[in-house]
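All remarks here apply to the structure that follows.
The values are calculated or read from the model by the stated rules, or taken from the named source; none is laboratory data. Predicted, not measured: the structure shown is a model, and the values here were computed from it. Here Cβ is always computed from backbone atoms with ideal geometry, including for glycine, and neighbour counts include all displayed protein chains. Calculation scope for accessible area: heavy atoms of the full protein, side chains included, ligands and nucleic acids excluded. Shrake-Rupley method; radii C 1.70, N 1.55, O 1.52, S 1.80 Å.
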2 protein chains.
Amino acid sequence: MKRARHPVSVLLGKRLQKLRKKAGLSQEAFAHEVGIHRTYMGLIERGERNLTVLTYLRVVRKLGLEQDELLKGLPTPEPRDEGE
Amino acid sequence: MKRARHPVSVLLGKRLQKLRKKAGLSQEAFAHEVGIHRTYMGLIERGERNLTVLTYLRVVRKLGLEQDELLKGLPTPEPRDEGE
């Protein structure tokens, strides 16, 4: 069953995809760098899965970004069942 | 089965707990504010579960912290199976 996408996950995924492309990396190559499966990276970029903070840290460091680069100006996510 | 704790999750959980206590909030009250179950907050503070970025954003905003406050100086986590 496909879960509804959280709007903040969608924003975050789009930013990530934009910066990944700007770095000239394919989804597959970047997923490999970060240590996750390429299909999982695809789900994250489409906002269908939520990054953990640990994966987030690997992402921003692989891309050479500031630690809050992908978070700046994001709205505060409304709580909802995230499987947590 | 108890999963091994990732060392970076342990560091992050400890920082979170320290700042939550500094803010004078009980684990239960803070979990309620953030919109997760208090037992889940306990697991996070002990590094037994990994925060998602969405929950992280709620946490730092509820505590009135800078967005990268809990991430500063954390080592880059080694990739491993996070259920991702």
With a cut-off of 8 Å between alpha carbons and a minimum separation of six or more residues, what is the relative contact order of the range A:7-63 in percent?
45 percent
Counting pairwise Cα distances across the protein assembly as shown, what percent come out greater than 27 angstrom?
20 percent
Please report, as a whole percent, how much of the solvent-accessible surface of the protein assembly as shown comes from carbon and sulfur atoms (probe radius 1.4 Å).
49 percent
Evaluate the distance, in nm, between pseudo-label points positioned 7 Å from the Cα of B:Lys62 and of B:Thr76 along their respective Cα→Cβ axes.
3.2 nm
With n ≥ 4 as the cut-off for DSSP H runs, can you work out [θ] at 222 nm for the protein assembly as shown, using -39500 (n - 2.57) per run divided by the number of residues, rounded to the nearest 500?
-15000 deg cm²/dmol
Derived scalar couplings ³J(HN,Hα) [the range A:21-26; Karplus, 6.51 cos²θ - 1.76 cosθ + 1.60; whole Hz; x for Gly, Pro]:
5, 4, 7, x, 9, 6
Hey, could you grab the Kirkwood Rh for the range A:21-84? Inverse mean 1/r over distinct alpha carbon pairs, Å, one decimal.
12.8 Å
To the nearest 20 debye, the protein assembly as shown has a Cα-centred charge dipole, built from +1 on Lys and Arg Cβ and -1 on Asp and Glu Cβ, of 40 debye
Inter-copy separations for A:Glu78, label at 7 Å along Cα-Cβ, nm, ascending:
4.2
In sequence order, what are the phi-derived ³J(HN,Hα) couplings for the range A:38-53 according to the Karplus relation 6.51 cos²θ - 1.76 cosθ + 1.60 with θ = phi - 60°, rounded to whole Hz, with x for glycine and proline?
4, 5, 5, 4, x, 4, 5, 5, 8, x, 8, 9, 9, 4, 7, 4
Got a sec to turn the phi values of the range B:4-11 into Karplus ³J(HN,Hα) couplings, 6.51 cos²θ - 1.76 cosθ + 1.60 with θ = phi - 60°, whole Hz, x for Gly and Pro?
5, 8, 6, x, 6, 5, 5, 4
A plus B alone minus the pair: what accessible area, both sides summed, probe 1.4 Å, in Å² to 100?
2700 Å²
